[in-house]
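Everything on this sheet refers to the single structure shown next.
The values are calculated or read from the model by the stated rules, or taken from the named source; none is laboratory data. Fair warning: this is a prediction, and the values are worked out from it, not measured in the lab. Cβ: placed from backbone, ideal geometry, glycine included. Neighbour counts: every protein chain shown. Accessible surface is based on the protein model in full, side chains and every heavy atom, while ligands, DNA and RNA are left aside. Shrake-Rupley method; radii C 1.70, N 1.55, O 1.52, S 1.80 Å.
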Amino acid sequence: MQKPLLEHINTPEDLRQLKKADLPQLAHELRQLIIKIVATKEGHLGASLGVVELTIALHYVYNTPYDLLIWDVGHQAYGHKILTGRKAIFDTNRQLNGISGFPKRSESEYDAFGVGHSSTSISAALGMAIASQLKGEKKHHIAVIGDASIASGMAFEGLNHAGVTNANLLIILNDNAIGIDPSVGALKQYLTNVKKGTEKQDNIFEALNFNYSGPIDGHDLPLLISELNRLKTLNGPKLLHVITTKGKGLKQAERDQVKYHAPGKFDANTGELNSGSTELRPPKYQDVFGETIVELAKANKQIIGITPAMPTGSSLKYMMEEIPERAFDVGIAEQHAVTLAAGMATQGLIPFCNIYSTFLQRAYDQVIHDVALQKLPVIFCLDRAGLVGEDGATHHGVYDLAFLNCIPNLIIFAPKDAIALRNIMFTAQLRLDLPLAIRYPRGSGHVLEWKKPFEAIKIGKGSCLKKGNTIAVLSIGTMAFVVEKAIEKLDISHYDIPFLKPLDSMLLHQIFADYKAIITIEEGVVIGGFGSSILAFANTHNYTQKVMTLGIDDQFIEHGSIDQLMRLQKLDAESLKSKIKDLLLELNMG
Ligand SMILES: Cc1ncc(C[n+]2csc(CCOP(=O)(O)OP(=O)(O)O)c2C)c(N)n1
């Protein structure tokens, strides 16, 4: 065994002192470190293991951070983080106050662009390359993008623009034929044909004026280095196609690439996943969605399921397995997913378009212009709404209530539990004449016995969950469980207001007539959300009681466990309880 190398590498400067012959050993050590830390601290595994050689080659050949290196999505950048000054704190990855799981400009000068959502790297790198030209700086600009992310609209927009510039831009297409789930679409087929050498058509990237090279083996360090050195001397937009294996170096991760995308805890030596507890737990909300849509779609042939690249994460995969002709994975294409659903709705189909709350941000115009404006009854199922935990600021689904609230014609519903999710899905496919957004959180559905007979939900109706005196707490969605716990021993009323739109104005008039003060609570930003709507209601109707609005502050929330973040935002039961007690004292009712 040679003497260890990685312990002496703190920056890419150190790396560049190594002999080329030493780099494979460094790659081995880097992989082992990633495996060791992710095995216990959790995080994204497969993508980073796949680009270990590429990461080393890029920092070896290019003069980072002067040359600008941009990772698309950024979940593959663990090796980059370790080699750029964050080795000693890599074990804080994704934890509260630790380093972010994604590149982040405020974290390191080597993180040229903040990422998390996919397909931004080409536009960002082109912007930097144009800036360098205008400033007269001789810099290299490199975007590393996966085969799933390059198929997204934004990436195509970047390619289309870059092809008519002479910007010094290198795009590295990291082709491992998989996103989180296997990549889909015609471009994926094209790339497969290129790899097999069966593609007879013109090269698609050359057709867009890129200097194309590859495909080359992305695990062959000498080849990567000589190719990058050659490309460094060429002007204009270039694309290097590298073939890698997701999960490279850990047998199980290579074999089961979907599971080992972000496997949770596992044994670093054997690669075996922790088996988890056998205790009976409420199902995840995503599975309530996944199982319910199958049940509904079997009975109602008009039902369609759509996911942009998240069949496993959304559990639409159950429908894709059982009813493949009516379930579509459209790739990382949120905008397309929404307008595709709109098109289907014009023809009488009943599309359930499942998108993580955070990724719906990509398709905002489509929701307004293609769906709501035309009153098309698309059913949006917004998974991972609220705080998502360790993925952090780029991924929290905390804006949806606010950004959907202002759109006319849209019904907005947040189920308080799995049963309500199931029933609203049932209700939606009975045909509403308006679009509906259903938002539900990451994690488990709070009730064990959730497969009850379907019951239709009355649109716009809230309900009283507990009758008390003094003040009323109004919750939307699963915050009901926090409230329930907080007021267990208090004489406080609790109302479930699952419809942000239309608001249950009859119930609200009753509430404002009955209580001296109102507290609203939501797992979303306060500005523009549920609390704002209740305040506006009070103002419109000249109610003068105090309305305390609790939710997410006007700041980006970083990473940490959901429980930690809820406590920091004072959205946990203890904090709510003490807020209620303060309010009672203030009203002389304590
Ligand atoms: C806009 C957006 N939609 C969905 C996701 C969820 N997501 C994260 S990684 C990923 C797959 C990326 O695959 P690929 O581009 O092939 O990169 P690789 O995993 O190979 O690095 C997806 C769909 C995202 N980050 N951003």
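Odds and ends about this structure:
- Alpha carbon centroid spacing (whole Å) that separates the stretch 214-228 from the stretch 341-394: 40 Å
- Shown here are the Rg and Dmax of the Cα trace of the stretch 16-85, at 12.0, 34 Å.
- Put simply, when 264-274, 474-484 are sorted by average Cβ atoms within 10 angstrom per residue, most first, you get 474-484, 264-274.
- The residues of the stretch 166-280 have, on average, 50 Å² of accessible surface per residue, using a 1.4 Å probe with all protein chains present.
- Rounded to the nearest 10 Å², the accessible area of residue 233 at probe 1.4 Å: 100 Å²
- Net charge of neighbours whose Cβ lies under 15 Å from the Cβ of residue 298, counting Lys and Arg as +1 and Asp and Glu as -1: -1
- In this structure, the amide hydrogen of residue 93, modeled 1.01 Å from its nitrogen in the peptide plane, lies closer than 5 angstrom to those of 99, counting only residues at least 5 positions away or on a different chain.
- Seen against the Cα atoms of the chain and their longest principal axis, helix 505-514 is set at about 60 degrees.
- All aspartates and glutamates inside 14 Å of residue 232 as judged from Cα atoms, apart from same-chain residues fewer than 8 positions distant: 67
- Carbon plus sulfur fraction of accessible area for the chain, probe 1.4 Å, in percent: 52 percent
- Debye intensity ratio I(q)/I(0), log10, the chain, q values 0.09 Å⁻¹ (C-alpha model): -0.75
- Percentage relative contact order, the chain, counting C-alpha pairs under 8 Å, at least six apart: 11 percent
- Trypsin sites (Lys or Arg not before Pro) restricted to DSSP loop in the stretch 110-154 with at most 12 other C-beta within 10 Å: 138
- Dipole axis of the chain (+1 Lys, Arg; -1 Asp, Glu on Cβ), positive-most option in 33, 425, 136: 425
- With protein chains left intact and a 1.4 Å probe, residues in the stretch 453-590 average 48 Å² of accessible area per residue.
- Cα long-axis angle, helix 418-428 against the chain (0 to 90 degrees, to the nearest 10): 90 degrees
- The loop-placed trypsin sites (Lys or Arg not before Pro) in the stretch 140-236, going by DSSP, that have at most 12 neighbouring Cβ atoms within 10 Å of their Cβ come out as 200.
- Amide H to amide H, with H built 1.01 Å from N, residue 501 comes under 5 Å of 412, counting only residues 5 or more places away or on other chains.
- Inter-probe distance in nm under a simple model that places probes 7 Å from Cα toward Cβ, at residue 489 and residue 301: 6.0 nm
- Taking amide H atoms as placed 1.01 Å from N in the peptide plane, the amide H of residue 169 lies under 5 Å from those of 236, 238, each 5 or more residues away in sequence or on another chain.
- Sorting the segments 354-367, 278-291 by their mean number of nearby beta carbons within 10 angstrom, highest to lowest, gives 354-367, 278-291.
- Taking all protein chains together, 256, 582, 147 sort by accessible area into 582, 256, 147, largest first [probe 1.4 Å].
- Angle in degrees between helix 23-41 and the longest Cα principal axis of the chain, rounded to the nearest 10: 10 degrees
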